[in-house]
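What follows is a single structure, written as C-alpha cells, with notes after it.
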Amino acid sequence: MSSFETILVERPEPAIVRVVMNRPEARNAQNLQMTYDLNAAFDAAVQDNAVKVIILAGNGPHFSSGHDLRAGGKNAAGVDFPPIGHWGGFAEAGAHGRFAREQEIYLQITRRWRNLAKPVIAEVHGKCIAGGLMLAWACDLIVASDDAQFCDPVVTMGVCGVEWFVHPWELGPRKAKEFLFTADSWSAQEAHQLGMVNQVVPRAELSSRVLELARRIATKPSFALKLTKEAVSRRRSRSRRDGPQSE
C-alpha cells in the first residue's frame, strides 16, 4: 500500500479503504501536498476492483480546519505538482495564472472527487471549516460525531464562500444565506435537521459506526452502486444548472 506525506491509507476490510488526513498539528488544513495525496489515494481506491466503499476521515481533534493558506515550499499547482485537470495556464501572468490555479486545486479536483465511481463516506468530528466543508460535501454520505461543528467564515474575510459553492443545495437557499452572512458555527444536530448530515453518533462510536455503514453498503453490487451514484449526482447537477422553476 502506498505511503503519503500528509495522509494515511488504511484497509480495515478487503472491500473498504479508509483515507485519513494526517496533519493534526495543522488541524488537517489542506495544503497542496494533501490535495494531491488525497487525489492519488482516491484514484488508487477507485482502480482497485476489490474496493467498494471509501471512507474519508481526519486524525487529531478536528476533521479539517480548511485550506492551509500559509506560504510554503511546494505551493504551485502545475509546477510542483502535475495537473490532473484540463484548465491549463498556470504560468500565465497576473489574474489569469491565479485563476487557473484556483480552478485546478479547488474546483476541478473537488468535482473530480464528487464524481468518484464508488461511494464515499465522510467521517466528520470536531471542526469542519470552510475548505473542510468542500471535502465533506464532495462525499456521498456524511456521518458526524455529536461534537462536530460546521462553519464557513469566508464572508468575514471578504469573499462569498468556498470555491465549491454548493451551500444552497446542501442547506437550502435561506439557511445557506444565514450560514454565510453570520459565519456562525452550526452543530451536527442542526446540520442533520437540514439534511446535510446523514447520521449523528456519539464521538466514541464514530469510526465503528461509519465502518458498519460502509460494510452494509459494500454488500451491494459495485455496478449498481456506481450507476445509482451517477444517476443521483446527475439529477442534482441538472437541478443546480436549471435553478428555480417558475410555476
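Here are some notes:
- Residue check, TYR36 crowded, with 18+ Cβ neighbours inside 10 Å, among the hydroxyl-bearing types (Ser, Thr, Tyr) and over 12 Å from the mean Cα position of the chain (by Cα): yes
- The set of residues in region 180-230 that are under 30 Å from GLN47 (Cβ atoms) and free of Cβ contacts under 8 Å to residues at least 12 places away in the same chain comprises SER208, GLU212, ARG216, THR219, PRO221, PHE223, ALA224, LEU227, THR228.
- Here VAL154, VAL197 are screened, and the one residue that is within 20 Å of HIS62 (Cβ to Cβ), modelled with pLDDT under 95 and either of a type in the set (Val, Ile, Thr) or out of contact with any Gly (no Cβ under 8 Å at 6 or more places or on another chain) (or both) is VAL154.
- Against the criterion of being at pLDDT 85 or above, of a type in the set (A, V, I, L, M), in contact with a helix residue (DSSP H, G or I) (Cβ under 7 Å, 6 or more places away or on another chain) and in a loop (DSSP other than H, G, I, E, B), ILE84 qualifies.
- Selection status of ALA176, modelled with pLDDT of 95 or more, in a helix (DSSP H, G or I) and more than 23 Å from PRO61 (Cβ to Cβ): yes
- The residue of region 191-217 that is surrounded by the fewest Cβ atoms within 10 Å (Cβ to Cβ), among those that are under 15 Å from ASP147 (Cβ atoms) and basic (Lys, Arg), is ARG203.
- Some residue of region 4-22 being under 13 Å from LEU135 (Cα atoms) and either part of a loop (DSSP other than H, G, I, E, B) or among the aromatic types (Phe, Trp, Tyr) (or both): no
- ALA95 being over 11 Å from the mean Cα position of the chain (by Cα), assigned to a strand (DSSP E or B) and not basic (Lys, Arg): no
- Enumeration of residues in region 45-75 that are exposed (fewer than 14 other Cβ atoms within 10 Å of the Cβ) and at pLDDT below 95: LEU69, ARG70, ALA71, GLY72, GLY73, LYS74
- Evaluation of PHE223 against the conditions (1) closer than 30 Å to ASP48 by Cβ; (2) surrounded by 15 or more Cβ atoms within 10 Å (Cβ to Cβ); (3) among the aromatic types (Phe, Trp, Tyr) shows that the sole unmet condition is (2).
- Residue in region 151-170 that is crowded, with 22+ Cβ neighbours inside 10 Å and over 24 Å from ASN39 (Cα atoms) present: no
- Within region 92-113, residues that are more than 23 Å from ALA44 (Cβ to Cβ) have Cβ atoms under 9 Å from residues that are in a helix (DSSP H, G or I) in these pairs: GLU92/ARG98; GLU92/PHE99; GLU92/ALA100, counting only partners at least 6 apart in sequence or on another chain.
- Exactly one residue out of ALA100, ALA15 is buried (at least 16 other Cβ atoms within 10 Å of the Cβ), modelled with pLDDT of 95 or more and more than 19 Å from the chain's Cα centre (by Cα), and it is ALA15.
- Only one of the numbered conditions (1) under 14 Å from the mean Cα position of the chain (by Cα); (2) at pLDDT 95 or above is not met by ILE109, and that is (2).
The values are calculated or read from the model by the stated rules, or taken from the named source; none is laboratory data. As the structure is a computational prediction, the values presented were derived from the model and not from experiment. Quick reminder, even Gly has a Cβ in these numbers, built from the backbone with ideal geometry, and neighbours come from all protein chains shown.
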